[in-house]
1. Looking at (1) at pLDDT below 95; (2) assigned to a strand (DSSP E or B), can you tell me which one Gln75 breaks?
2. Look at the stretch 536-558 and say how many of its residues are buried (at least 16 other Cβ atoms within 10 Å of the Cβ), in contact (Cβ under 8 Å) with a residue 24 or more places away in the chain and more than 15 Å from Asp515 (Cα to Cα).
3. Within the stretch 435-482, restricting attention to residues that are hydroxyl-bearing (Ser, Thr, Tyr) and within 16 Å of ligand 3 (Cβ to nearest atom), which residue is surrounded by the most Cβ atoms within 10 Å (Cβ to Cβ)?
4. Kindly state which strands (runs of 3 or more DSSP E) lie completely within the stretch 126-223 and contain at least 1 residues that are within 16 Å of ligand 3 (Cβ to nearest atom) and over 30 Å from Gly410 (Cα atoms).
5. In the stretch 401-449, what count of residues is obtained for those that are within 16 Å of ligand 2 (Cβ to nearest atom) and small (Gly, Ala, Ser)?
6. Which residues, taken from the stretch 3-43, are within 15 Å of Trp532 (Cα to Cα) and surrounded by fewer than 14 Cβ atoms within 10 Å (Cβ to Cβ)?
7. Quickly run through the stretch 96-120 and pick out the residues that are charged (D, E, K, R) and exposed (fewer than 13 other Cβ atoms within 10 Å of the Cβ).
8. Could you list all residues from the stretch 465-486 that are closer than 30 Å to Gly522 by Cα and either within 16 Å of ligand 1 (Cβ to nearest atom) or out of contact with any Lys or Arg (no Cβ under 8 Å at 6 or more places or on another chain) (or both)?
Amino acid sequence: MKASQFFISTLKEAPADAEVVSHQLMTRAGMIKKLGAGIYSYMPLGLRVVRKIEAIVREEMNRAGAVELLMPVVQPAEFWQETGRWEAMGPELMRVKDRHDRDFIIQPTSEEVVTDIARQELRSYKQLPKNFYHIQTKFRDERRPRFGVMRSREFIMKDAYSFDRDMAAAKASYQVMAQAYRAIFDRFGLRYRAVAADSGAIGGDLSEEFQVIAATGEDAIVYSPDGDYAANMEKAEALAPAAPRKPASAPMTKTPTPGKATCAEVAELLQVPLNTTVKSLVLATDQVNERGEVVKSQVWLLLLRGDHDMNEIKVGKVPGLDAGFRFATVAEIVDHFGTKPGYLGPIGLKKPVKIVADREVAVMSDWVCGANEEDFHITGVNWGRDLPEADAVADLRNVVEGDLSPDGKGALAIERGIEVGHVFYLGTKYSKPMNATFLDETGKPQPMEMGCYGIGITRLPAAAIEQNHDERGIIWPDAIAPFTVVICPIGMDRSAEVKAAAEKLHDELLGAGVDVLLDDRGERPGAMFADWELIGVPHRVVISDRGLKEGQLEYQHRRDSAATKVPAAGVFEFIQ
Ligand code: ATP
Ligand code: MG
Ligand code: MG
Ligand code: MG
């Protein structure tokens, strides 16, 4: 491939809305282009990465015995009514109407449609097991689309669905997929972990997420460095014994009033010295009905001091407004809100907040704050707009680093991950309501046992970048790089020797099946190198008159700090 025939369009600056490095770099490298909130075009360079990911997934799925088909993006509502998901799913399900006023959905996943196919096509035990998959566009109207293609609304997923005659066979199919996923993720060349995930009421232990390890990941994963235990935080929390309850001290008595608080006042309120770092701070929100009216006030300010036991959280009312304080345990708060740890509310400050003397903590108009009693809450509370916002899951956990691992092998560690795959045993959750049965050996109809298996095809490039980048740009693993090798000729327009050598190497690499790009755009060396470092092509070969005189080319891996001089034939050794 020649760069002049391809399409390369890089940017110096990242767009203002790009919060995470993968979103910034994918945009700057010209891999994606935003069309609307959570909706992106994959530009030629980005699409090459997506196609390489798809090819690996397809190869391993086929090898594992799954069969590819393609199901529709737009699906009639009646199938979703059959399983009850038309009612059960909230606004994340995109509903549309056709010209006859009939209801449709844009698929967020395809259990209904594949189960409909199975109930028509798989009639006998002799046709089982069967595993159907497709690689297809999904739409989820995410509450907060963000981070570019990491959490977009339109995205591409590989979703597979297994059909079996009984639970034992379904569990065997699940294990085949769990193994295939390991093969797939090994091939991507990313550091990842398979972790136990919550499977709801049905699955027992048969649900695992595949998490790409990255400090910026949205999920916390808990594992034992000395053993085999690994789970996502929700699962780990569900298994952990409830936090020890502590007796509540005197309840709050005073009614707070709106206003502003200085840090000094907050420090006094929290009974901490100035310059104390508050580990976590969460405001839980009111429950609001469709008309926007507050139906139940569930708003508290929770403060966890850095030097505290994780299980002990200060529950207060309004910062700086002399509300009373008492200690509460996580269990009490969970009881109070009737929710799981980690789901206390939509806003919190994940990063430590330093309470310093000269800073005023603004009480602004965004939040209702206080107790869930009438007249015990006020509106207009916030902690200054300069503070980072994060999900309330923050540090409200009863599983912490250093706890004994459930497998008894050493202490637990916690790291962050990005969910890129999910395998799940479904049982008869869809086959029963949709009456998807087969005839067993005795001619009796039996519900099919199912499993489902997803991979976030277009989330993967972003996850790969979160894990592999530096200050100059992306560093792709070979397997999913848009090009494996880039040839950068210097002065190709002036020097016939450079041109000939560049084209020769290009043709030889191509002939050897290497995905190579020849940069014949005629850019100056500095700009050319900066582009390829940003785009993150793993192998670069520079060809110049000076080098050719010595019979040498310059090879440099994207992770190398300097180039190595090699004879032309030597390039192959670095690449294969
Ligand atoms: P998340 O917890 O991140 O919302 P999920 O658990 O809702 O993901 P699944 O229903 O398990 O997602 O879908 C399978 C895979 O699809 C996920 O593991 C993820 O890689 C990908 N995926 C899900 N939602 C999105 C999205 N909004 N944008 C891009 N990829 C997504
Ligand atoms: Mg989701
Ligand atoms: Mg998830
Ligand atoms: Mg999932």
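1. Of (1) at pLDDT below 95; (2) assigned to a strand (DSSP E or B), only one is false for Gln75: (1).
2. So the count comes out to 6.
3. Among those residues, the one meeting the criterion is Tyr453.
4. In the stretch 126-223, the matching strands (runs of 3 or more DSSP E) lie at 130-139, 154-164.
5. Counting residues in the stretch 401-449 that are within 16 Å of ligand 2 (Cβ to nearest atom) and small (Gly, Ala, Ser) gives 2.
6. Ser4, Phe7, Ser9, Leu11, Lys12
7. Result: Lys97, Asp98, Arg99, Asp101, Arg102.
8. Result: Ile465, Asn468, His469, Asp470, Glu471, Arg472, Ile474, Pro477, Asp478, Ile480, Thr484.
The values are calculated or read from the model by the stated rules, or taken from the named source; none is laboratory data. On a predicted model such as this, the values are computed, not experimentally measured, just so you know. Using ideal geometry, Cβ is built from the backbone for each residue, glycine included, and neighbour counts are taken over all protein chains shown.
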